[in-house]
């Protein structure tokens, strides 16, 4: 009888622990908000971790631009953004939204730097991979003169 109670207690604790780990893993794996993705990208840009951004980017990005070209264009983009705000303190996200399609879920974010007629709009896009993890897919800067002069890819 004591052995049965001991096994029941251990089994109950094991099941509870397993359930908690399952729930936590589920929450962490689904915790992708467009705003968090944009803030992570901003940190990487500020820290000039261009290779890391490229390595973590989507297949679409890597098929359309070589790593060396990506790094060169990223440097140009950061230099342009720093002209509007050296700290890259862009506006709160205007989340264009997310959508699901045949190629996975997409996240779209719009940010702004600068003020008045001296501002730049930053459009960003992430595409989920086969595991459901968002990967950076592209970025377009729309300058105050309405040109999309800088873009990735």
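The values are calculated or read from the model by the stated rules, or taken from the named source; none is laboratory data. All of these numbers come straight from a predicted model, not from anything done at the bench. Please note: Cβ atoms are built from the backbone with ideal geometry, for glycine as well, and neighbour counts cover all protein chains shown.
Some notes on this structure:
- Hits in segment 58-73 - residues which are within 14 Å of residue 45 (Cβ to Cβ) and touching a helix residue (DSSP H, G or I) at 6+ places or on another chain (Cβ under 8 Å): 70, 71
- Qualifying residue in segment 40-55 (condition: at pLDDT below 90 and surrounded by 14 or more Cβ atoms within 10 Å (Cβ to Cβ)): no
- Per the listing 9, 26, the residue uniquely modelled with pLDDT under 50 and in a helix (DSSP H, G or I) is 26.
- In summary, residue 32 fulfils each of the numbered conditions (1) in a helix (DSSP H, G or I); (2) closer than 23 Å to residue 132 by Cβ with the single exception of condition (1).
- Among the residues listed as 77, 96, the single one being closer than 26 Å to residue 118 by Cβ, modelled with pLDDT of 60 or more, assigned by TED's automatic domain parsing to the domain that holds residue 138 and outside any helix (DSSP H, G or I): 96
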